[in-house]
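Have a look at the structure below before the remarks.
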Amino acid sequence: MKKTSLPSPFVLINMAMTADGKIATANRAVSSFGSRRDHEHLLELRATADAVLAGARTVDGAKINMGPGGIKFRTRRIRRGLEEFNLRVVASRTGTLNPEAEIFRHHFSPILILTTQLASQSRLKKLQAVADEVKICGNEEIDFNQALRWLGSRWGVRRLLCEGGGELNDALFRAGLVDELHLTICPVVFGGRTSPTIAEGAGAVTLEAAAQGKLKSLRRFGDELFLTYGFSRAKP
């Protein structure tokens, strides 16, 4: 992987949610409910990104490898001047990511882990054994400004696709680092006061502190709506 000095990557988030704003059931047992078209949309977005980012809970809770998909999408990447296989980045604040997770069983591209000083030496050692690099970014919370600059300068990441979960998305929104939100609204209602949403971390406490987006596009496929919102980066 070519390593050049680049600015902080363009960050886009892609999520599917129910008609009542949930991304999983209250017990988190059901988190995949989008159509085949929604899954295709996910792979289309991956085909535009140098790296894909997900949180530890998302990686641990599903059998995913975070790869680019089939040859059709890998060909699109090459035509765009990207590597055939995207980098894979996992955020794990305390380093509790399972070293036996599905992602580590697939070795087609580098796996990078972002963590903090809260990760014990024993956990770091286990993760270093299965990942290509483990980067400590912050004391108790991941400093995503630092992490994104590192991804740009160390790994040449210009475009970063985040696929959740909610706490990771919230951290990026609160840091003012989100450029686009791609949102699929699906004709399903989960309900439940504890069901997770697309941004479920600390959140904003005032309207002024909330991330303010502008609708860039809206498309309908069957009973699903595909929306894209643009956001302005927070001033450094």
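Quick notes on this structure:
- Residue check for Arg76: of a type in the set (Lys, Arg), at pLDDT 95 or above, buried (at least 16 other Cβ atoms within 10 Å of the Cβ) and not in a strand (DSSP E or B): yes
- Applying the set (1) crowded, with 17+ Cβ neighbours inside 10 Å; (2) within 27 Å of Pro9 (Cα to Cα); (3) modelled with pLDDT of 95 or more to Ala211 leaves exactly one unmet item: (3).
- Tabulated pairs, segment 152-181, first more than 22 Å from Glu208 (Cβ to Cβ) and modelled with pLDDT under 95, second polar (S, T, N, Q) and crowded, with 20+ Cβ neighbours inside 10 Å, C-beta under 9 angstrom, 6+ apart or interchain: Gly164/Asn14; Gly164/Thr58; Gly165/Thr58
- Single match in Thr184, Thr197, Thr228 (criterion: under 19 Å from Ala91 (Cβ atoms), surrounded by 13 or more Cβ atoms within 10 Å (Cβ to Cβ) and of a type in the set (Val, Ile, Thr)): Thr197
- Scanning segment 81-118 for residues that are touching a residue at least 40 places away in the same chain (Cβ under 8 Å), farther than 24 Å from Asn169 by Cβ and touching a Ser or Thr at 6+ places or on another chain (Cβ under 9 Å) gives a single hit, Glu83.
- Counted as qualifying within segment 148-235 are the strands (runs of 3 or more DSSP E) with 3 or more residues that are within 22 Å of Ala51 (Cα to Cα) and either hydrophobic (A, V, I, L, M, F, W, C) or in contact with a strand residue (DSSP E or B) (Cβ under 9 Å, 6 or more places away or on another chain) (or both), namely 159-162, 180-186, 224-231.
- Residue count, segment 92-138 (criterion: in a helix (DSSP H, G or I) and either surrounded by 15 or more Cβ atoms within 10 Å (Cβ to Cβ) or in contact with an Asp or Glu (Cβ under 8 Å, 6 or more places away or on another chain) (or both)): 7
- Taking each residue of segment 119-138 that is at positive phi and looking for partners that are buried (at least 18 other Cβ atoms within 10 Å of the Cβ) and part of a loop (DSSP other than H, G, I, E, B) with beta-carbon atoms closer than 6 Å, six or more apart or interchain, yields Gly138/Thr116.
- Figure legend. Inter-residue proximity from segment 39-59: first residues within 18 Å of Cys186 (Cα to Cα), second residues hydroxyl-bearing (Ser, Thr, Tyr), beta-carbon distance below 7 Å, spacing 6+ or different chains. Indicated pairs: His41/Thr184.
- One residue stands out in segment 47-73 among those that are assigned to a helix (DSSP H, G or I) and in contact with a helix residue (DSSP H, G or I) (Cβ under 7 Å, 6 or more places away or on another chain): the one that is nearest to Leu151 (Cα to Cα), namely Val59.
- Only residues that are over 23 Å from Arg57 (Cβ atoms) and charged (D, E, K, R) were counted across segment 146-179, and they come to 5.
- Residue in segment 79-86 that is of a type in the set (A, V, I, L, M) and modelled with pLDDT of 95 or more present: yes
- Residues of segment 51-70 classified as farther than 15 Å from Phe108 by Cβ and under 12 Å from the mean Cα position of the chain (by Cα), total: 7
The values are calculated or read from the model by the stated rules, or taken from the named source; none is laboratory data. None of the values given here were measured: they were computed from a predicted structure. Every residue, glycine as well, gets a Cβ built from its backbone with ideal geometry; the counts of neighbours run over all protein chains shown.
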